[in-house]
Amino acid sequence: MKKSKTYLTLFWTFFKLGLFTFGGGYAMIPLIQAEIGERKKWMRTEEILDIVIIAESTPGPIAVNAATYVGYKVGGFFGALFATLGLVLPSLGIIFGISLFFDEFLQFSIVQSAFKGIEVAVAILILNAGLKLLKILKKDLYSIITLVLIFVLMIAMDVFAFDFSSIYLILIGAGFGLFLEALRKQPKKEEKQ
Amino acid sequence: MIFWQLFYVFFTIGLFTFGGGYAMIPLIKSEVVSRGWLTEEGVIQFIAVSESTPGPFAINIATFIGTEQGGFLGAVVATLGVVLPSFIVILLVAALFSAMAKNRYVQGAMNGIRPVVVGLIGATGALLVLALVWTSFPSTQSGTFNRSGLVLLIDLATLFFGYKLIRKKSLHPIALIVISAALGILVYGL
């Protein structure tokens with residue numbers, strides 16, 4: 001297959017994914033599996049499962065990480081570029097369009113009432129996301145202490161209007177994780193947890 | 001200069017958020033609210049917009065704030081900023097160290113970060129709930145108890161978690177948003 005055709009197909013595949021996936025990254029993995037794995041046979045199933053591990057262990061939105069990774073595996077640097085561009089363009093176009101009239105839209109009193117209800121829904125969705133992550137979190141001593149500490153700290157900071165970027169909290173967490181891993185002995189093959 | 005600032009802030013967001021989706025919300029919220037680009041309420045409203053439109057939340061909010069602050073060019077710059085860290089890091093991982101993501105120290109750092117992220121999301125949700133029920137939260141003075149807010153919260157939470165319990169799957173976020181909008185109009189009037 002000609003290279004330019006590969007780029008175009010990657011662009012178009014991720015453009016469709018960007019246009020039709022609601023709810024972000026994880027919703028995209030089965031679609032990537034169907035399109036890139038089964039239809040195009042560009043990647044094997046194990047490689048597609050690797051996407052999840054890699055996308056989670058690297059910063060940024062899952063969907064962007066997945067697009068860049070698949071693009072690179074299939075078509076090198078330009079493959080990555082076209083896949084990522086394809087993914088981003090629908091969002092950019094749609095949200096740009098919405099932004100132009102969003103503030104005027106919010107002026108209507110019916111819209112304001114609706115949004116008061118919607119705020120409650122968003123609070124529930126955020127709590128639900130937190131619960132889902134809590135469920136899959138490894139519950140060792142470090143995790144539980146850190147989780148409770150961060151929770152209390154964030155609420156206290158909000159009450160006392162104290163501003164401290166959560167970036168530092170994430171970096172401190174990474175530091176502790178590295179430190180604990182360094183303390184642990186090199187894992188032996190037979191020992192599992 | 002606003003374009004440089006947009007790029008810089010969203011680049012930082014792209015570089016320091018792990019887990020994607022809702023895991024990115026606490027950081028995005030604190031960065032854009034502290035710069036006065038959006039109010040807390042604005043962030044919440046935009047989460048609903050983003051749930052109802054396709055595409056990743058981080059890209060959607062970068063485009064939105066970019067447009068509000070700097071027009072179309074602002075949107076492009078902010079979106080580029082949020083995408084670039086992913087792009088560079090993933091290229092490095094895919095090209096040079098495919099084993100890197102499975103390295104024990106990388107996994108160690110991730111194990112360190114995960115509970116922080118869960119704590120941040122939990123606190124974000126809890127603070128939102130408190131603000132819904134107590135009108136001037138977090139300020140301790142002259143707040144009033146918001147009865148309608150509490151009623152809406154109980155109704156929607158019962159619907160959402162009840163559905164999850166009975167049907168063993170989550171109610172679609174867009175369905176919840178539409179129902180909550182209708183209830184909002186019912187409670188707070190046209």
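The values are calculated or read from the model by the stated rules, or taken from the named source; none is laboratory data. Quick caveat, the model's predicted, so the values are computed rather than measured. In this analysis, Cβ positions are derived from the backbone assuming ideal geometry, glycine residues included, and neighbour counts consider all displayed protein chains.
Listed here are the residues, each with its yes/no results for (1) outside any loop (DSSP other than H, G, I, E, B); (2) within 12 Å of the chain's Cα centre (by Cα).
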position	(1), (2)
B:F18	no, no
B:V32	yes, yes
B:L38	no, no
B:A48	yes, yes
B:I61	yes, yes
B:F64	yes, no
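So which of A:S91, A:S113 is among the polar types (S, T, N, Q) and outside the structural domain of A:F11 (by TED's automatic domain parsing)?
A:S113
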Self-check item: Looking only at the stretch B:153-175, and only at residues there that are at pLDDT below 90 and surrounded by 17 or more Cβ atoms within 10 Å (Cβ to Cβ), the one that is nearest to the other protein chains (Cβ to nearest Cβ)
Solution: B:P173
Self-check item: Residues that are more than 9 Å from every other protein chain (Cβ to nearest Cβ), free of Cβ contacts under 8 Å to residues at least 12 places away in the same chain and either surrounded by 21 or more Cβ atoms within 10 Å (Cβ to Cβ) or among the aliphatic types (A, V, I, L, M) (or both), drawn from the stretch B:21-73
Solution: B:V33
Self-check item: Tally, over the stretch B:172-188, of residues that are over 19 Å from the mean Cα position of the chain (by Cα) and either within 15 Å of A:L131 (Cβ to Cβ) or among the aromatic types (F, W, Y) (or both)
Solution: 1
Quiz item: Applying the selection to the stretch B:66-125, what residues are of a type in the set (S, T, N, Q), under 17 Å from A:G60 (Cβ atoms) and either modelled with pLDDT of 95 or more or outside any helix (DSSP H, G or I) (or both)?
Solution: B:T79
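Tally up the residues in the stretch A:102-128 that are among the hydroxyl-bearing types (S, T, Y) and either in contact (Cβ under 8 Å) with a residue 24 or more places away in the chain or surrounded by 15 or more Cβ atoms within 10 Å (Cβ to Cβ) (or both), please.
Adding up the residues that qualify gives 1.
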Self-check item: Filter result for the condition that a residue is at the interface with another protein chain (Cβ under 7 Å from one of its Cβ atoms) and in contact (Cβ under 8 Å) with a residue 40 or more places away in the chain, over A:S57, A:S99, A:S143, A:S91
Solution: A:S91
Quiz item: Given the conditions (1) more than 22 Å from B:T12 (Cα to Cα); (2) facing another protein chain (nearest Cβ under 10 Å); (3) out of contact with any Gly (no Cβ under 6 Å at 6 or more places or on another chain); (4) surrounded by 24 or more Cβ atoms within 10 Å (Cβ to Cβ), which single one is not true for A:A66?
Solution: (1)
Exercise. Hey, could you check the stretch A:48-76 for residues that are of a type in the set (S, T, N, Q) and modelled with pLDDT under 90 and say which is farthest from A:S91 (Cα to Cα)?
Key: A:S57
